[in-house]
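The values are calculated or read from the model by the stated rules, or taken from the named source; none is laboratory data. The model shown is predicted, which means the values in this text are computed figures rather than measured ones. Here the Cβ positions follow ideal geometry from the backbone for every residue, glycine too, while neighbour counts run over all protein chains shown. Each accessible area value is taken on the protein alone, full model and side chains, heavy atoms only, with ligands, DNA and RNA left out. Shrake-Rupley method; radii C 1.70, N 1.55, O 1.52, S 1.80 Å.
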Amino acid sequence: MQVGRGSPAVIVRMTDEMKAWLKHQAIDNRRSLNAEILHRLEQSRKAEEVLHEKQA
């Protein structure tokens, strides 16, 4: 899956504190804020899939 400017945009509301934390994490991981959010969502999705596989 390719993500880029042609991908659909999603507006997410979050606290200033959460956004600041994510921005710092993105800087530490040398990612854009968007890439950091996508990475964390993907990791969460993979962890959930593993959990569901163990339950099956």
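Roughly to the nearest percent, how much of the accessible area of the chain is carbon and sulfur, given a 1.4 Å probe?
On the chain, the fraction of accessible area on carbon and sulfur atoms equals 54 percent.
Quick one: plug the Kirkwood hydrodynamic radius of the chain (C-alpha pairs) into Stokes-Einstein at 10 °C, 1.306 mPa s, and report D in µm²/s.
Numbers: Rh = 13.1 Å.
Calculated translational D: 122 µm²/s.
Going highest first, how would you order 41-49, 3-11 by mean Cβ packing within 10 Å?
Numbers: 41-49: 10.1, 3-11: 6.4.
Taking the mean over residues of other Cβ atoms within 10 Å, the ranking is 41-49, 3-11.
Over the chain, give the accessible area per residue in Å² for a 1.4 Å probe, as an integer. Kindly include the intermediate steps, with their values, before the conclusion.
Numbers: 5490 Å² over 56 residues.
Counting only protein heavy atoms, the per-residue value for the chain is 98 Å².
Once both axes come from the Cα atoms, what is the angle between helix 33-55 and the longest principal axis of the chain, in degrees from 0 to 90, rounded to 10?
It works out to around 10 degrees.
Helix-only estimate, please: 222 nm mean residue ellipticity of the chain, summing -39500 (n - 2.57) across DSSP H runs of length 4 or more and dividing by its residues, to the nearest 500.
-22000 deg cm²/dmol
From the protein chains alone at 1.4 Å, what is the descending order of accessible area for LYS54, LYS19, largest first?
Values: LYS54 160, LYS19 95 Å².
So, going from the largest accessible area down, we get LYS54, LYS19.
What are the aspartates and glutamates whose alpha-carbon lies under 20 Å from the alpha-carbon of LYS46, with same-chain residues fewer than 8 places away excluded?
GLU36
If I fit a long axis through the Cα atoms of helix 16-28 and take the longest principal axis of the Cα atoms of the chain, what angle between them do I get, 0 to 90°, rounded to 10?
Taking Cα atoms only, the helix is inclined about 80 degrees.
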